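The values are calculated or read from the model by the stated rules, or taken from the named source; none is laboratory data. These numbers were taken from a predicted model, which means no experiment stands behind them. Positions of Cβ are backbone-derived with ideal geometry, glycine not excepted, and every protein chain shown enters the neighbour counts. The protein model used for the area step is the full one, side chains on, heavy atoms only, and it has no ligands, DNA or RNA in it. Shrake-Rupley method; radii C 1.70, N 1.55, O 1.52, S 1.80 Å.
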Amino acid sequence: MGKLTVRALRAVLVVVLAGTVFVQALMVWVLVSGNDPEDGSLPLTPLRVVTILGMASVQVAVVCVWRLVTMVRRGTVFSHAAFRYVDGVIGAIVAAALVWFAVTGINAPGQREDPGVTVIMGGVGVAILGVALIVLLMRMLLAQAVARDVEATRMQAELDEVI
């Protein structure tokens, strides 16, 4: 990974992390201060709680990706330590899908006349789970690469003994 790519990715990660913290702070402030102008059309308090949880899942993914980028720059990504962060990303994506399904459930009663919106939102949740499966596939590829790297290191050591 080039230095420009790493810097650009880290800049995006910083902006996303700052944005999610800002949104969380606003949601907590509204919940704690009692200045919630809930008019009864949508249950805003559960949506705010779900938003706080959703932002937390994004933050976990951002931190894990940051650590993986650091490992890539150091050349240590093909190690067993990387699995912890990839698993963190997978968990965060699954949590985000569950949060999205919660939003879909909260929104569903207001969509009785047009249930297509709820179906579309459910489809988006399934797509988010699909992203988790893609990352799981990438984890399997990383596992194969780590196994081959370990095998290559072992074979190099054997070759060094022979020479």
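For the reader, a short list of remarks on this structure follows.
- Annotation: of all residues in segment 98-132 being surrounded by 14 or more Cβ atoms within 10 Å (Cβ to Cβ) and farther than 22 Å from residue 57 by Cα, the one that is modelled with the lowest pLDDT is 111.
- Selection of segment 42-71 for residues being among the polar types (S, T, N, Q), modelled with pLDDT of 95 or more and surrounded by fewer than 18 Cβ atoms within 10 Å (Cβ to Cβ) yields only 59.
- Yes/no for residue 136 being farther than 25 Å from residue 24 by Cα and touching a residue at least 12 places away in the same chain (Cβ under 8 Å): yes
- Taken together, the criteria exclude residue 93 from residues that are in contact with a helix residue (DSSP H, G or I) (Cβ under 6 Å, 6 or more places away or on another chain), more than 20 Å from residue 145 (Cβ to Cβ), surrounded by 15 or more Cβ atoms within 10 Å (Cβ to Cβ) and in contact (Cβ under 8 Å) with a residue 60 or more places away in the chain.
- Taken over segment 56-79, the criterion of being out of contact with any Leu (no Cβ under 9 Å at 6 or more places or on another chain) and hydrophobic (A, V, I, L, M, F, W, C) is satisfied by 56, 60, 61, 64, 68, 71, 72.
- Yes/no for residue 74 being open to solvent by 60 Å² or more (accessible area, probe 1.4 Å) and without any contact (Cβ under 8 Å) to a residue 12 or more places away in the chain: yes
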